[in-house]
Structures are given as C-alpha cells and as structure tokens.
1. State whether the residues of the stretch 209-220 include one that is within 23 Å of residue 107 (Cα to Cα), out of contact with any strand residue (DSSP E or B) (no Cβ under 6 Å at 6 or more places or on another chain) and modelled with pLDDT under 90.
2. Name the pairs: first residue in the stretch 245-274 and touching a residue at least 60 places away in the same chain (Cβ under 8 Å), second residue outside any helix (DSSP H, G or I) and crowded, with 23+ Cβ neighbours inside 10 Å, Cβ to Cβ under 8 Å, at least 6 apart or on different chains?
3. Which of (1) closer than 25 Å to residue 95 by Cα; (2) in contact with a helix residue (DSSP H, G or I) (Cβ under 9 Å, 6 or more places away or on another chain) does residue 261 not meet, given it meets every other one?
4. Under 29 Å from residue 258 (Cβ atoms) and either in contact with a helix residue (DSSP H, G or I) (Cβ under 9 Å, 6 or more places away or on another chain) or surrounded by fewer than 23 Cβ atoms within 10 Å (Cβ to Cβ) (or both): is that true of residue 70 in this structure?
5. Among the helices (runs of 4 or more DSSP H) contained in the stretch 160-233, which hold 2 or more residues that are over 21 Å from residue 28 (Cβ atoms) and touching a residue at least 60 places away in the same chain (Cβ under 8 Å)?
6. Please enumerate the residues belonging to the stretch 84-131 that are surrounded by fewer than 19 Cβ atoms within 10 Å (Cβ to Cβ), under 19 Å from the mean Cα position of the chain (by Cα) and modelled with pLDDT under 80.
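The values are calculated or read from the model by the stated rules, or taken from the named source; none is laboratory data. All of these numbers come straight from a predicted model, not from anything done at the bench. So basically every Cβ, Gly included, is an ideal-geometry build from the backbone, and we count neighbours across all protein chains shown.
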C-alpha cells in the first residue's frame with residue numbers, strides 16, 4: 001500500500017471512528033430508523049438529478065442500497081438506541097473485518113497469509129469476550145444486532161469489491177437513493193406516525209449530525225473505502241478498520257464520558273493485538289528474526305561473488 005492510500009485509509013478511520021459519537025448525539029432527538037432515512041436522503045437529493053447513473057448493474061446499486069443502507073445502518077442505529085455505547089459500537093462493528101476476509105477467501109479465492117489468519121483468530125477471541133460483559137454500555141440484544149449489522153456491511157463490501165471501473169462517488173450517491181423510502185415507511189409504523197412534527201422540533205445539533213453522517217461518513221468515506229477494496233485484497237484493507245475503535249472510544253470518552261469495564265478493556269486490547277498481527281505480523285517477524293548460520297554464509301557468498 002502506497003503512502004497516499006495509507007493516508008486515505010487513515011482518513012476513513014478517523015471519519016468513521018468519530019461517526020459513532022455523532023450518531024449517539026443525533027439519537028437523543030429522533031429515533032434510529034428515521035435518523036438513518038435522513039442521512040441517506042440528504043446525500044441522494046438533489047444530487048441524483050445532476051450526477052449520472054454509475055456504469056454498473058442496477059442490481060449492484062440496489063444490493064448495496066438495501067444491505068448497507070437499509071439493513072446495516074438500521075441494525076446499527078437500533079443497537080445503539082437499545083444499549084450499545086458509541087465506543088463499543090465502533091469496536092463491535094469491526095467484526096466485518098473478519099467476515100470480509102473469510103468470505104473473500106471463499107468467494108474470490110484471495111490468499112490469506114499466516115499472520116493474517118493468526119490475527120483474525122486473536123481478534124475473534126477478543127470479540128467473544130464481549131458476550132460476558134455486564135457493563136451498562138452493552139446489552140446482549142445490542143450485541144447481536146450490531147454483529148448482524150457487521151455481516152450486512154460485509155455483503156456490501158463484497159458487492160463493491162467485484163465492480164470494475166465504477167466511479168464510486170457517483171455510485172454512493174445513487175446507492176443513497178435506495179434507503180430513504182423503505183426506512184421512512186419502517187419508521188412510520190415502528191417509531192412515529194408524525195415524523196414532520198418531530199423533525200420541526202429538533203435543534204441545529206441534530207441537523208449537523210445528519211450532515212456529518214450523510215455527506216462525510218456515508219458519501220465520502222464509503223467512496224474511498226470502495227476504491228481501496230477494489231485496489232487491494234480484503235486482507236490488506238479491512239484490518240485497518242480495527243483502528244476505528246481506537247478513535248471511537250477516544251471520542252466517546254471525551255464527548256460522551258463513556259467508560260469501559262474490565263472485560264471490555266481486555267476484549268478491546270485483544271482485538272487491537274489481532275490488528276497488529278494482521279497488518280504488521282510479517283514485518284515484525286522479519287525485524288526480530290535472528291539469522292541462522294546458513295543465512296549468514298549465503299549472505300557472505302553473495303557479497304564476495
């Protein structure tokens with residue numbers, strides 16, 4: 001991965017890490033499904049009237065729109081509304097890293113290196129610890145919902161990965177046209193039958209949260225993420241997403257005063273260790289490897305030849 005693309009992936013990490021705190025703030029004023037509908041509506045309209053349809057199948061647009069926009073974000077927002085803190089949500093959603101790598105190996109026959117496999121195993125061990133958490137910032141229902149959200153994010157990752165020569169900024173604009181109507185209908189029957197009155201009673205804080213989650217976290221960040229997934233293997237790109245919780249937990253601790261319990265700290269540390277092994281494992285092995293006598297002899301022969 002070159003320096004430019006490393007900078008791009010780190011930009012996405014910061015955007016998505018802060019996004020969970022922004023969502024939590026927005027959920028103080030409106031229910032989760034309605035919030036999700038708004039974030040996509042402001043991205044799609046009026047942009048779709050000026051941006052051409054991307055050079056890809058309509059099924060790809062509908063697929064990502066449904067799996068990412070309708071299902072993934074609804075499950076994420078609902079999980080945060082029923083008892084998952086912003087910091088933990090940023091961590092648990094990264095189960096998509098494991099799901100994406102495993103399915104990419106199965107479907108696209110991508111190679112997975114030993115250090116990546118070991119890193120995934122360590123990360124899964126870390127995630128499993130959260131099932132034993134008794135902290136107020138996590139409920140079993142919230143945990144299950146957010147893991148399903150990660151699975152549907154994985155499906156949209158795989159759809160974007162198989163696309164070729166597609167303008168991903170155009171693609172995300174048209175994808176954003178899919179979720180608002182079904183989400184608005186769900187919200188009407190599940191959350192409120194008078195959404196207009198509810199929205200008229202909101203503050204500027206809510207609309208700033210909607211703008212951030214819509215234009216920055218959805219349109220910009222997912223366009224960059226899709227480009228990276230198309231350019232590199234899933235095992236190269238997706239482990240970086242495990243850095244999102246570092247940003248997420250830091251931002252939530254500053255702005256929301258969220259704290260982690262002992263099990264959550266151990267689990268978070270274990271997941272971070274899995275990331276380090278995934279991304280830097282081979283380099284660390286080479287750095288700390290002690291050359292044997294045969295290697296030294298071969299090096300001397302090469303130098304003297």
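1. No, because not a single residue in the stretch 209-220 is within 23 Å of residue 107 (Cα to Cα), out of contact with any strand residue (DSSP E or B) (no Cβ under 6 Å at 6 or more places or on another chain) and modelled with pLDDT under 90.
2. Cβ pairs passing all conditions: 245/94; 252/85; 256/85; 258/85; 264/138; 271/94.
3. (2)
4. Yes; evaluated as a whole, the condition is true for this residue.
5. Fully inside the stretch 160-233 and qualifying: 168-175, 180-190, 221-231.
6. Matches in the stretch 84-131: 124, 128.
So that you can scan it fast, the table gives a plain yes or no per residue for (1) modelled with pLDDT under 75; (2) over 18 Å from the mean Cα position of the chain (by Cα); (3) farther than 30 Å from residue 166 by Cα:
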| site | (1), (2), (3) |
| --- | --- |
| 202 | no, yes, yes |
| 233 | no, no, no |
| 237 | no, no, no |
| 253 | no, yes, yes |
| 270 | no, yes, yes |
| 275 | yes, no, no |
